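The values are calculated or read from the model by the stated rules, or taken from the named source; none is laboratory data. These numbers come from a predicted model, not from an experiment. Backbone-built Cβ (ideal geometry, glycine too); neighbour counts: all protein chains shown. Ligands, DNA and RNA are stripped out before the accessible areas are found, and what is left, the full protein with its side chains, is counted by its heavy atoms. Shrake-Rupley method; radii C 1.70, N 1.55, O 1.52, S 1.80 Å.
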Amino acid sequence: MDKVRLNFANCMQEKVGKQGIKKEELEEFSPLIREAHQNIQKKKQNDVLGFMQLPYQKSEAEQIKSFAHKNKIKFDNLVVIGIGGSALGNIALQTALNHPFYNLLSTQGRKGSPRIFVLDNVDPIFTSGLLDVLDLEKTLFNIVSKSGNTAEGLANFFILKQALQDKIGDKCGQHILVTTDKEKGFLREKEVKEAFSSFIIPRNVGGRFSVLSPVGLVSAAFSGIDIELLLSGAELMDNVCNEPEIWKNPAYMYAAIQFLMYKKGKKINVMMPYAHNLKDIADWFRQLWAESLGKKFNNNGEIVNVGPTPVKALGVTDQHSQMQLYMEGPFDKIITFLSVSKFGLQMEIPGFYNHYLKGHTLQELLKSEEKATSLALTQNNRPNVSLVLPQINEHTIGQLIYLLEMATVCMGELFGIDALNQPGVELGKELTYALMGRAGYEEKKKELEQKEIAADNDLYII
Ligand code: PA5
């Protein structure tokens, strides 16, 4: 099987002058990478990095596949309800591996698979809009939450469950699937009893690292994606990445380059796929990178704040939106292209008016624009790297996901932070609980009211 590769020539000093990295810098970095590898291996042995076991969960994948196979004919729609790591992987897989207008295809066009919707916001217009287009009698809801307690997912779930109950009464449970922790959380305690089935998110797999667990695999299998091939791609990349030597390990090399660039002031990592199907991989990666690496820590009494900022862009669309900034703006970015060598399809451009486009294909145009952009950036001393997929399929997407997860964990080691937690989102959650009147948060609510923290100050509103 063809491998996903990292081409980093355009971030070296030979190409981009002093904005780039010297080969010797990477050589000098090798011991740090070996140390990071040892730490990662230790964490893996201590069962902390559960995502590294996911490529090998073949029997779970088999169960999901047969469950989807048995049930998908009963439903026209599958709605995933979740947020953050419980939603973004679903969207990324669907966009990457299904028809670009999958939900608009006929049932036959979808080969009998249901349409897939992901409800990952609590905007009333979004939720009620979704209800408008669903035939509830033909809809399966998969409520996904690792903690089983997240307010956004539960709120949407309760609304949809009520609508379901109103429509089909007692049979409601047959339309509900729960994907959550094995023992803990509200969903496990209350809902699983009523739901007709449930899947388990392994305790040691963090939300944003969970796309290759039932979190992402259930909707993938329902839509006909070959989830075993996805896992075998990840397995291949796990073998490639089990290599402490920086020059042989694309995930570690990617992390080392990003880390060195960060130290050189390039704190923005723009991921720019040149394949429309990969646009939501960039969105998924944005969460992985931001929530894992944006951290504060105490360094001998001094609070240090770190974290590269991930930005998503799309080739060629954003050449007409963002590229001016990337070419001539501040030298604070490194661009990561997601490049596809072979598209399964050639579309010839018909010849009108002897136009120069005549006889060329859309693929040729896309690839030429990608090459031109990368050359122009390089000539402007703008470092860029490419993650090259031989083609887009389950195997290469599995590889890419795993490579980026390993790179993220390695970056965590280089920064000396815990890439698996997200303490920074807790305060916002607690304040929401207080504002929503959750039991146990009465004091916090009082504090907000007394200090008028939650009140708007008219002086500053015009
Ligand atoms: O990566 C993470 O841990 C988070 O983004 C979570 O996925 C997100 O907060 C949703 O949490 P849960 O799956 O517990 O509902």
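Here is how the numbers come out for the structure above:
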quantity: Which numbered condition Ser292 misses (of (1) in contact (Cβ under 8 Å) with a residue 60 or more places away in the chain; (2) open to solvent by 10 Å² or more (accessible area, probe 1.4 Å)); calculated: (2)
quantity: Unique residue being closer than 28 Å to Thr317 by Cβ, of a type outside the set (D, E, K, R) and open to solvent by 10 Å² or more (accessible area, probe 1.4 Å) when the list is Gly265, Gly216; calculated: Gly265
quantity: Set Ala419, Ala376: member being surrounded by 14 or more Cβ atoms within 10 Å (Cβ to Cβ) and either away from the ligand (no atom under 16 Å from the Cβ) or more than 27 Å from the chain's Cα centre (by Cα) (or both); calculated: Ala376
quantity: Number of the condition not met by Tyr441 [criteria: (1) surrounded by 13 or more Cβ atoms within 10 Å (Cβ to Cβ); (2) within 26 Å of Ile281 (Cα to Cα); (3) out of contact with any strand residue (DSSP E or B) (no Cβ under 6 Å at 6 or more places or on another chain)]; calculated: (2)
quantity: Count - residues of the range 54-77 that are among the charged types (D, E, K, R), over 21 Å from Asp238 (Cβ atoms) and assigned to a helix (DSSP H, G or I); calculated: 3
quantity: Counted residues, the range 332-350 - those being touching a residue at least 40 places away in the same chain (Cβ under 8 Å) and over 13 Å from Val270 (Cβ atoms); calculated: 6
quantity: Elements of type helices (runs of 4 or more DSSP H) contained in the range 204-272, each with 2 or more residues being in the same structural domain as Met411 (by TED's automatic domain parsing); calculated: 227-241, 250-263
quantity: Residue check for Asn354: modelled with pLDDT under 95, on the phi > 0 side of the Ramachandran plot and not aliphatic (A, V, I, L, M); calculated: yes
quantity: Residue tally, condition within 14 Å of Thr408 (Cβ to Cβ) and among the charged types (D, E, K, R), over the range 198-241; calculated: 1
quantity: Failed condition for Asn10, given (1) among the polar types (S, T, N, Q); (2) closer than 30 Å to Phe259 by Cα; (3) open to solvent by less than 10 Å² (accessible area, probe 1.4 Å); (4) away from the ligand (no atom under 16 Å from the Cβ); calculated: (3)
quantity: Answer from Ala455, Ala439, Ala407 - the residue that is more than 14 Å from the ligand (Cβ to nearest atom) and assigned to a helix (DSSP H, G or I); calculated: Ala407
quantity: Residue selected from the range 179-208 under the condition of a type in the set (Val, Ile, Thr) and more than 12 Å from the ligand (Cβ to nearest atom), by the criterion modelled with the highest pLDDT; calculated: Ile200
quantity: Search result, residues across the range 110-161 that are over 24 Å from Arg188 (Cβ atoms), hydroxyl-bearing (Ser, Thr, Tyr) and either without any contact (Cβ under 8 Å) to a residue 40 or more places away in the chain or open to solvent by 30 Å² or more (accessible area, probe 1.4 Å) (or both); calculated: Ser128
quantity: Qualifying residues in the range 54-99 (those that are β-branched (Val, Ile, Thr), touching a helix residue (DSSP H, G or I) at 6+ places or on another chain (Cβ under 6 Å) and under 20 Å from Val122 (Cα atoms)) - the one nearest to the ligand (Cβ to nearest atom); calculated: Ile83
quantity: Some residue of the range 190-197 being in contact with a helix residue (DSSP H, G or I) (Cβ under 8 Å, 6 or more places away or on another chain) and closer than 22 Å to Leu288 by Cβ; calculated: no
